[in-house]
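In what follows, a single structure is set out as structure tokens and then discussed.
The values are calculated or read from the model by the stated rules, or taken from the named source; none is laboratory data. Please read all numbers here as calculations on a predicted model, not as lab measurements. For neighbour counting, all protein chains shown are included, and Cβ atoms are generated from backbone atoms with ideal geometry for every residue, glycine included. What goes into the accessible areas is simple: the full protein's heavy atoms, side chains included, and nothing from ligands, DNA or RNA. Shrake-Rupley method; radii C 1.70, N 1.55, O 1.52, S 1.80 Å.
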Amino acid sequence: MSRHASGLMAWLMQRATAVYLALAALYLLWFVSVDPPADHAALVAWISQPLVRLGVLLAVSLLVAHSWVGVRNVLMDYIHPLWLRLALLLLGGGLVLASGLWLMWVVMVAGV
Amino acid sequence: MSRVRPVFLDLRRIALPLPGLVSILHRVSGLLLVLALPSVAWLVERALSGPEGFAVVVVMLDAWPSRLLQGVLLWSLLHHLLAGLRHLALDLGWGLERVMARRTAWLTLVTALVLLVGFLLVGGWR
């Protein structure tokens, strides 16, 4: 893929993921403020609903993509020494990917 | 066509108009949210691990230093969400005129703060 096309893909992906993440964020804000789980059993019961689990898993994977594109954009704009940019990209990407995979694992095995 | 484009991204010397402020805060808030990801993953893991873990998370979320952080992160989420929606609208060609762009930037900034105060007052966030 040419550099232009990869930039366009990133641009498109950022907006497509944003739409789903916005809806997910609104739902989660509503959930934790209006109807927060009272105890561990309630939390597990909530996450064990197939639609919730799938929806959260999709949200986390899209969040990983969205975060990566965002971190990459910001670093490419402001960090100019190549070694530092690469180091921070690696750090940021690692942080996002590790957190995301960990979250997905935890959500997948909860209550199973 | 000239290959050298004028690029000016010196953060110390940029004087920002309001839409620029909203835009840079969109980046700052996004960065804060990314930095919070490991802690969020840890909290979710603990809360789902069992009743003891859930109790630990409740105590941690109740502590004042963490409440301040939660406030910052809640603002980040609200601002990032609203500024993101504004950017999506701009991408669709809506609100591009200068007056309108300033008005929606102002609206974004204020709404995020008002919602933050609303959430904190309603206290769903205890």
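A:Gly92 satisfies every condition listed in (1) closer than 16 Å to B:Glu45 by Cα; (2) at the interface with chain B (Cβ under 10 Å from one of its Cβ atoms) except (1). Among the residues of the range A:61-77, some residue qualifies, meaning at least one is without any contact (Cβ under 8 Å) to a residue 24 or more places away in the chain, more than 9 Å from chain B (Cβ to nearest Cβ) and either open to solvent by 40 Å² or more (accessible area, probe 1.4 Å) or on the phi < 0 side of the Ramachandran plot (or both).
Residues in the range B:91-106 that are in contact with a helix residue (DSSP H, G or I) (Cβ under 8 Å, 6 or more places away or on another chain), open to solvent by 40 Å² or more (accessible area, probe 1.4 Å) and of a type outside the set (Lys, Arg): B:Asp91, B:Leu96, B:Trp106.
Within 21 Å of the chain's Cα centre (by Cα), farther than 30 Å from A:Ala45 by Cα and in a helix (DSSP H, G or I): which single residue out of B:Leu33, B:Leu88, B:Leu61, B:Leu37 fits that description?
Of B:Leu33, B:Leu88, B:Leu61, B:Leu37, the one residue that is within 21 Å of the chain's Cα centre (by Cα), farther than 30 Å from A:Ala45 by Cα and in a helix (DSSP H, G or I) is B:Leu88.
Across the range B:24-83, what is the total count of residues that are open to solvent by 40 Å² or more (accessible area, probe 1.4 Å), more than 30 Å from A:Val69 (Cα to Cα) and either touching a strand residue (DSSP E or B) at 6+ places or on another chain (Cβ under 8 Å) or aromatic (Phe, Trp, Tyr) (or both)? Residues meeting the conditions: 1.
Going residue by residue through the range A:13-28, is there one that turns out to be more than 7 Å from every other protein chain (Cβ to nearest Cβ) and basic (Lys, Arg)? Spell out the reasoning first.
Of the residues in the range A:13-28, the ones more than 7 Å from every other protein chain (Cβ to nearest Cβ) are A:13-14, A:16-17, A:19-21, A:23-24, A:26-28.
If we keep only those that are basic (Lys, Arg) as well, we get none.
No, the range A:13-28 has no match at all.
Taking the range A:78-98 as the range and being farther than 30 Å from B:Asp10 by Cβ and free of Cβ contacts under 8 Å to residues at least 24 places away in the same chain as the test, only A:Ala98 passes.
B:Val22 meets each of the listed conditions (1) in contact (Cβ under 8 Å) with a residue 12 or more places away in the chain; (2) within 11 Å of another protein chain (Cβ to nearest Cβ) apart from (2).
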